[in-house]
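Trainee: Dropping a structure here in structure tokens format, bear with me for questions.
The values are calculated or read from the model by the stated rules, or taken from the named source; none is laboratory data. In this text, all values refer to a predicted model and were calculated from it rather than measured experimentally. No Cβ is skipped: glycine too gets one built from the backbone with ideal geometry, and neighbour counts run over all protein chains shown. For the accessible areas, the whole protein counts, side chains as well, though only heavy atoms, and no ligand, DNA or RNA atoms are used. Shrake-Rupley method; radii C 1.70, N 1.55, O 1.52, S 1.80 Å.
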Amino acid sequence: VPQRNEYIFTLMLEESPGVLVGLRYAPDKLHFLFWSQEPAGGCQSRVTFPNVSLSDNQWHTLILAVSGQSFSLTVDCSVPKDVVVETPFPASLSVRRASFYLGNRRRRKGVFTGLLRQLVLLPGADATPRICHAVNFKVATLSVPSVLQDVPAKPVSNEVLKYPYETDMKVTLGARPRCSKQEKAQFWFNASRRGLYLCNGSTWLSMLEVQHRLDYVEEYQNLVTNSETMGIEVFSIPKVGLFAAMANRITPPGSAIYRWTDGKFVHYQNIPTYQAQSWKYFTIGKKIFLAVANFEQNERGQEFSVIYKWSRRKAKFVTYQRITTHSARDWEAFVIEGEAFLAVVNHREGNNHNIDSVIYRWNPRTGLFETNQTIPTSGAYDWEFFTIGPYSFLAVANTFNGTSTKIYSHIYIWLSGSFQLFQSILTFGAADWEVFHIGDRVFLAVANSHSYDSGMPAPSNFYAINSSIYELNITAQMFVKFQDLLTYSALDWEFFSVGDDSFLVVANSFDGFTFSVNSIIYRWQGYEGFVAAHHLPTVGCRDWEAFHTPEGSYLFYSSAKEPLSKVLKLKTT
């Protein structure tokens with residue numbers, strides 16, 4: 001049985017009690033010691049490897065690999081013990097006027113009572129794979145490993161300072177491991193997805209992954225909702241989980257928030273709303289907000305939409321700020337030059353559809369949103385914010401001006417502290433804009449809901465009309481039409497990717513005869529544009545949301561005609 005501390009070796013300066021480098025053995029532990037800075041102003045650091053039992057009257061081979069903040073100990077060529085510490089091993093360590101002491105610390109106390117056969121210091125790498133290659137390790141225990149038979153007195157180059165060493169290259173197999181500061185720079189191989197991931201200190205980043213392709217879509221969860229659902233917002237609260245806020249039509253009971261639990265959405269919180277149209281999740285610093293667009297007045301005849309704030313103490317959303325709105329359809333949150341903004345779409349006031357929608361600016365002093373700019377809109381449904389290079393844009397979907405749905409929707413650009421008109425595009429009851437990127441190309445898709453003009457003869461079908469995709473032409477500095485797709489009272493576009501493939505799914509809501517209409521997933525096929533790939537049966541489809549979990553990728557659709565929304569799982573090959 002060893003004493004309290006026995007030193008296998010030490011490297012010490014003359015006339016100094018500090019240990020520059022050393023290895024100390026205690027009962028069931030091994031301590032690696034090093035001086036973390038220059039001796040004049042440094043301190044002793046210790047890395048401990050627990051559960052190391054060597055007192056069994058047997059020979060043992062210890063391999064210690066050191067690299068930056070990573071330390072790895074291999075005993076008898078078994079599974080390495082890895083430790084990551086805050087204090088790194090010094091990149092340079094002066095050994096002038098220093099001496100090695102084998103089996104002691106330059107004094108009688110702490111003398112090693114076992115037997116030492118070899119002590120070898122190798123520069124620049126983890127020696128484990130070069131020593132632990134014998135088929136029967138026990139047979140090779142007393143042999144001199146080939147790597148040690150011809151060790152040069154000095155490295156050919158300054159190998160000691162090469163970084164990173166192999167000791168940093170740790171690969172974990174099996175289920176998804178934890179990724180924190182301790183696992184930073186470690187690798188995980190996911191055998192089921194055939195992917196290699198790197199921990200950046202908080203999340204696993206894909207380094208090498210077999211790209212999946214969308215094969216088909218299957219029904220995953222039928223979610224019975226409080227009432228018909230006008231919109232969905234899927235969001236993730238750090239360290240809390242994944243949520244979905246449903247904009248439900250009827251009050252009471254109002255709208256519901258669901259939390260992703262054990263692979264399904266489970267009811268989490270009810271919030272009183274008034275014919276809610278949509279939700280918007282956003283953050284300002286560490287504050288987490290969720291804004292609802294209310295379409296109708298409350299019981300007291302007041303009409304406002306509400307911003308809710310996440311209470312970490314209550315683990316619920318609580319009322320934060322009420323803002324007067326007029327049949328609000330949508331909120332959009334964005335940041336320009338470090339300042340936070342929130343834009344509301346006002347659909348109509350009474351029977352007047354030609355009213356102002358409002359952009360609010362966050363006042364960090366008062367902690368409230370304040371009116372910053374008003375923009376004239378016509379029965380508007382949607383705001384879409386996007387950036388291209390240094391420029392910020394805001395597109396509005398104008399739906400109805402009181403007599404016609406064939407009206408211009410507008411794209412605004414941020415210049416000199418306000419949004420100014422950039423481009424106008426003719427739309428037909430526009431209900432949604434969706435911006436997306438494919439490679440270096442920028443696209444903007446509009447969902448046209450219906451074609452109506454009180455001064456024109458009625459078309460054969462108000463609802464079977466083209467929705468259009470526009471592409472940014474850099475030379476012309478404007479969006480030009482790229483493709484028309486036949487849709488049926490389209491109310492939403494959602495862009496998503498699977499592997500290297502890009503997709504658009506449209507919310508077809510009504511074909512002029514029935515609300516039971518197929519919504520379509522279109523696959524990007526380069527020169528061909530978007531081509532219909534999957535036809536999904538939906539009822540009064542109002543909104544699509546794509547989201548991902550560690551278990552896979554999903555599409556979530558809401559129905560504005562029945563109290564049932566569906567989660568669909570994307571099956572891949």
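Trainee: Provide the FRET efficiency to the nearest 0.05 for the Glu528-Asp76 pair, computing r from the beta carbons and using R0 = 56 Å. Don't skip to the answer; put the middle values down first.
Mentor: Values: r = 61 Å, r/R0 = 1.10.
Computed FRET efficiency for Glu528 and Asp76: 0.35.
Trainee: Among the listed pairs Lys406/Lys571; Lys264/Lys314; Lys264/Lys287, which are separated by more than 30 Å between their Cα atoms?
Mentor: Numbers: Lys406/Lys571 39 Å; Lys264/Lys314 23 Å; Lys264/Lys287 27 Å.
The pairs that break the limit, which is 30 Å between Cα atoms, are Lys406/Lys571.
Trainee: With a ≥ b ≥ c the root eigenvalues of the C-alpha gyration tensor of region 355-505, is it rounded (a/c under 1.5), prolate (a/b larger than b/c) or oblate?
Mentor: Values: a/c = 1.87, a/b = 1.20, b/c = 1.56.
Oblate, since a/c reaches 1.5 and b/c is not below a/b.
Trainee: If R0 is 30 Å, what FRET efficiency do you get for Lys181 and Arg313 from their C-beta distance, rounded to 0.05?
Mentor: Working: r = 26 Å, r/R0 = 0.87.
Efficiency at R0 = 30 Å is approximately 0.70.
Trainee: Computing the accessible area with a 1.4 Å probe over protein heavy atoms, can you report the carbon and sulfur percentage for region 214-572? If you can, show how the numbers build up before the last one.
Mentor: On the way: 7390 of 15170 Å².
Of the solvent-accessible surface of region 214-572, carbon and sulfur hold 49 percent.
Trainee: Okay, next question. At 7 Å along Cα-to-Cβ for each site, give me the label-to-label distance between Arg441 and Thr261 in nm.
Mentor: It is 4.5 nm.
Trainee: Under the rule that an exposed site lies in a DSSP loop and has at most 15 other Cβ atoms within 10 Å, name the longest stretch of the chain with no GluC sites (Glu not before Pro) of that kind, not counting the sites themselves.
Mentor: Working: sites that count: Glu14, Glu15, Glu86, Glu296, Glu299, Glu337, Glu551.
With GluC sites (Glu not before Pro) excluded where exposed in loops, the chain gives 338-550 as its longest stretch.
Trainee: Further, regarding this structure: For a label point 7 angstrom out from the Cα of Leu564 toward its Cβ, which stretches of region 213-246 have the backbone nitrogen within less than 17 Å?
Mentor: 218-230
Trainee: When the accessible area of region 1-116 is split by element with a 1.4 Å probe, what percent falls to carbon and sulfur?
Mentor: Of the solvent-accessible surface of region 1-116, carbon and sulfur hold 50 percent.
Trainee: Per residue, how much accessible area does region 214-572 have with a 1.4 Å probe, in Å²?
Mentor: Details: 15170 Å² over 359 residues.
Heavy-atom accessible area per residue stands at 42 Å².
Trainee: For region 509-573 and region 235-307, write down the distance between their C-alpha centroids in whole Å.
Mentor: With region 509-573 and region 235-307 each reduced to a Cα centre, they are spaced 22 Å.
Trainee: Any idea what the dipole of the chain comes to, in debye rounded to 20, about its Cα centre with Lys/Arg Cβ at +1 and Asp/Glu Cβ at -1?
Mentor: Numbers: 52 positive and 50 negative charges, 624 e Å.
I would put it at about 3000 debye.
Trainee: So for the chain, what percent of the C-alpha to C-alpha distances run longer than 35 Å?
Mentor: On the way: 86679 of 163878 pairs.
When all Cα pairs of the chain are counted, 53 percent exceed 35 Å.
Trainee: Moving on. Give me the extension gain from Ser55 to Gln269: residue separation times 0.36 nm, minus the current Cα-Cα distance, reported in nm with one decimal.
Mentor: Working: separation 214, 0.36 × 214 = 77.04 nm, distance 5.90 nm.
The Ser55-Gln269 span can extend by a further 71.1 nm.
Trainee: Okay, next question. Between Ser16 and Met207, how high is the FRET efficiency from 1/(1 + (r/R0)^6) when r is the Cβ-Cβ distance and R₀ = 56 Å? Nearest 0.05. Write down the numbers at each step before the final one.
Mentor: Working: r = 45 Å, r/R0 = 0.80.
Given R0 = 56 Å and the Cβ-Cβ separation, E is 0.80.
Trainee: Could you give the longest part of the chain that holds none of the chymotrypsin sites (Phe, Trp or Tyr not before Pro) found in DSSP loops with at most 13 neighbouring Cβ atoms within 10 Å?
Mentor: The longest such stretch corresponds to 60-512.
Trainee: Given charges of +1 on the Cβ of Lys and Arg and -1 on the Cβ of Asp and Glu, with all other atoms neutral, how large is the dipole of region 1-107 about its Cα centre, in debye to the nearest 20? Can you show the working numbers first?
Mentor: Values: 10 positive and 9 negative charges, 59 e Å.
Magnitude of the dipole: close to 280 debye.
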